[in-house]
Amino acid sequence: MIRTIAFFSNYFNHHQKALCDELYLRLKEGFCFIETEPIEDFRKKMGWGQEEIPSYVLRSYESGENEERALSLARESDVVIIGTAPERYLRERLLLDRLIFRYSERPLKEGRWKIFVPYLAKKFYVNHIRNKNRSIYCLCAGAFASSDYKFLLNSYAGKCYKFGYFPFPEEKSREELSALKGQNNRIKILWCGRFLKLKRADLLIKAAALLKDEGFDFDLELVGEGEEEEKLKSMTVSLGLSDRTAFAGYLSPEETREKMEGADIYVCTSNKLEGWGSVIYEGLSAGCAVIATSKAGATPFLIKDNATGFVFRSEDYISLADKLRACLKDPVKMRDLGRSAYSLMQSEWNPKCAAERIIKVSERLIRGERFYYDEGPMSEAELIYEDWYRG
């Protein structure tokens with residue numbers, strides 16, 4: 001029976017809280033989240049770290065006593081989950097060969113060239129290759145993590161689980177969400193995120209301009225701020241979209257969720273540097289018809305094309321326009337996608353399910369039994385490569 005879990009990561013934030021709350025609910029004082037560094041200022045400006053810090057959070061950087069307790073938890077807990085945190089917490093545990101889950105996005109999202117850079121190659125060897133035969137498994141926060149680790153000399157061969165980040169689940173019912181979306185005068189398309197080059201919001205603007213020229217009627221809203229904002233605003237003017245496009249600026253996570261709850265279509269346009277893509281998760285939870293880039297880490301895990309959403313070829317605005325067109329031409333299909341997405345997130349991809357499953361899988365692994373669920377969190381993360389989508 002699992003009585004204690006220690007979860008190490010650089011900082012505690014809203015992406016982690018829902019899962020941690022569920023683990024604490026099951027283990028009480030047996031669960032501890034160890035925050036190993038303060039949140040950066042730029043993330044604080046984005047609203048991170050504003051939540052009340054729960055009693056289960058230990059800030060190891062605040063005192064020598066806290067650091068000693070963190071090291072003790074790393075050594076003695078039944079299970080250790082480690083995200084972005086110093087490897088020193090694993091040294092003794094690896095020698096004892098006790099159960100570890102490495103919580104990881106894909107390590108080679110910038111390219112496989114990284115393995116040939118000497119200092120990075122050494123880091124990969126020390127962190128992932130040297131101990132691959134010990135009791136260390138991978139919680140893949142993205143579909144391409146397993147294939148990246150296979151390239152790193154089969155680091156976690158047969159030891160990769162589907163996972164992700166689990167924000168708080170949608171509290172509104174499907175009927176309430178349908179009523180909110182029914183208030184739109186025209187189909188509402190939403191995009192949320194930082195206006196950075198890797199987020200590729202320009203693809204949505206180009207696709208929307210193409211569809212406007214074809215005579216489709218819709219409203220477009222973009223939520224966020226960043227270095228590309230003025231360029232994107234100029235693009236909407238030059239492409240004749242000013243009459244139907246709104247830039248909402250920065251909104252809190254709670255305000256952003258309200259926008260999603262009222263949107264008909266949610267679009268994620270990021271390139272392959274998007275390790276996971278929490279906005280995909282959140283759009284599905286809000287019952288939107290989600291159209292997601294093929295190279296975001298969450299897409300292959302969460303979207304079955306034409307069933308729980310649509311996938312478009314990464315960085316291809318014509319492919320994106322094709323998927324948007326399918327929704328605009330067939331609102332019934334659009335609503336069906338949103339309902340299927342909502343059901344998937346309520347039944348399977350949520351923090352309660354993830355917490356229950358990681359505990360049950362841990363119990364089996366400690367008994368020496370390899371175990372995977374059939375679908376969803378803690379199912380086997382099969383090998384998926386960047387070019388998986390052929391649509």
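Observations on the structure shown:
- Complete set of residues in the stretch 190-203 that are touching a helix residue (DSSP H, G or I) at 6+ places or on another chain (Cβ under 7 Å) and either surrounded by fewer than 16 Cβ atoms within 10 Å (Cβ to Cβ) or under 25 Å from HIS15 (Cβ atoms) (or both): LEU190, TRP191, CYS192, GLY193, PHE195, ALA201, LEU203
- Applying the condition of being in contact with a Lys or Arg (Cβ under 8 Å, 6 or more places away or on another chain) and among the charged types (D, E, K, R) to the stretch 171-185 and asking which residue is surrounded by the fewest Cβ atoms within 10 Å (Cβ to Cβ) yields ARG174.
- Filter pass, LEU204 being in contact with a Phe, Trp or Tyr (Cβ under 9 Å, 6 or more places away or on another chain) and hydrophobic (A, V, I, L, M, F, W, C): yes
- Residue within the stretch 73-87 that is more than 13 Å from THR36 (Cβ to Cβ) and without any contact (Cβ under 8 Å) to a residue 12 or more places away in the chain present: no
- Which numbered condition LEU211 fails, given (1) touching a Gly at 6+ places or on another chain (Cβ under 6 Å); (2) of a type outside the set (Gly, Ala, Ser); (3) assigned to a helix (DSSP H, G or I): (1)
- Matching residues in the stretch 298-353 - criterion: being part of a loop (DSSP other than H, G, I, E, B) and in contact (Cβ under 8 Å) with a residue 40 or more places away in the chain: ALA298, ARG313, SER314, GLU315, ASP316, TRP349, ASN350
- Helices (runs of 4 or more DSSP H) contained in the stretch 1-84 and holding at least 3 residues at pLDDT 95 or above and out of contact with any Pro (no Cβ under 8 Å at 6 or more places or on another chain): 14-27, 64-76
- Output for the stretch 85-129, where each listed residue is of a type outside the set (A, V, I, L, M, F, W, C), touching a helix residue (DSSP H, G or I) at 6+ places or on another chain (Cβ under 7 Å) and not in a strand (DSSP E or B): GLU87, TYR89, GLU92, ARG93, GLU105, ARG106, PRO107, ARG112, LYS114, ASN127, HIS128
- Test: residue in the stretch 130-142 that is part of a helix (DSSP H, G or I) and either in the same structural domain as LEU94 (by TED's automatic domain parsing) or at pLDDT below 95 (or both): no
- MET334 touching a strand residue (DSSP E or B) at 6+ places or on another chain (Cβ under 7 Å), more than 20 Å from ARG26 (Cβ to Cβ) and among the hydrophobic types (A, V, I, L, M, F, W, C): yes
- Meets criteria (modelled with pLDDT of 95 or more, over 21 Å from CYS288 (Cα atoms), assigned by TED's automatic domain parsing to the domain that holds ILE187 and in contact with a strand residue (DSSP E or B) (Cβ under 6 Å, 6 or more places away or on another chain)) for THR269: no
- Candidates GLU176, GLU170, GLU110, GLU105, filtered to the one that is in contact with a Ser or Thr (Cβ under 7 Å, 6 or more places away or on another chain), charged (D, E, K, R) and within 30 Å of ILE265 (Cα to Cα): GLU170
- Condition met for PHE151 (touching a residue at least 40 places away in the same chain (Cβ under 8 Å), under 21 Å from ILE303 (Cβ atoms), surrounded by 14 or more Cβ atoms within 10 Å (Cβ to Cβ) and hydrophobic (A, V, I, L, M, F, W, C)): no
- The stretch 272-297, residues that are in contact with a strand residue (DSSP E or B) (Cβ under 8 Å, 6 or more places away or on another chain), within 16 Å of LEU198 (Cα to Cα) and assigned to a helix (DSSP H, G or I): VAL279, ILE280
- Residue in the stretch 89-102 that is surrounded by fewer than 22 Cβ atoms within 10 Å (Cβ to Cβ), of a type outside the set (A, V, I, L, M, F, W, C) and at pLDDT below 95 present: no
- Tallying residues that are assigned to a strand (DSSP E or B), under 19 Å from GLU22 (Cβ atoms) and not polar (S, T, N, Q) within the stretch 354-391 yields 1.
- Put simply, of LYS333, LYS323, LYS295, LYS360 the only residue that is in the same structural domain as ARG186 (by TED's automatic domain parsing) and surrounded by fewer than 21 Cβ atoms within 10 Å (Cβ to Cβ) is LYS333.
The values are calculated or read from the model by the stated rules, or taken from the named source; none is laboratory data. Note that this is a predicted model, so its numbers are computed, not measured. Neighbour counts run over all protein chains shown; Cβ positions are idealised from the backbone, glycine included.
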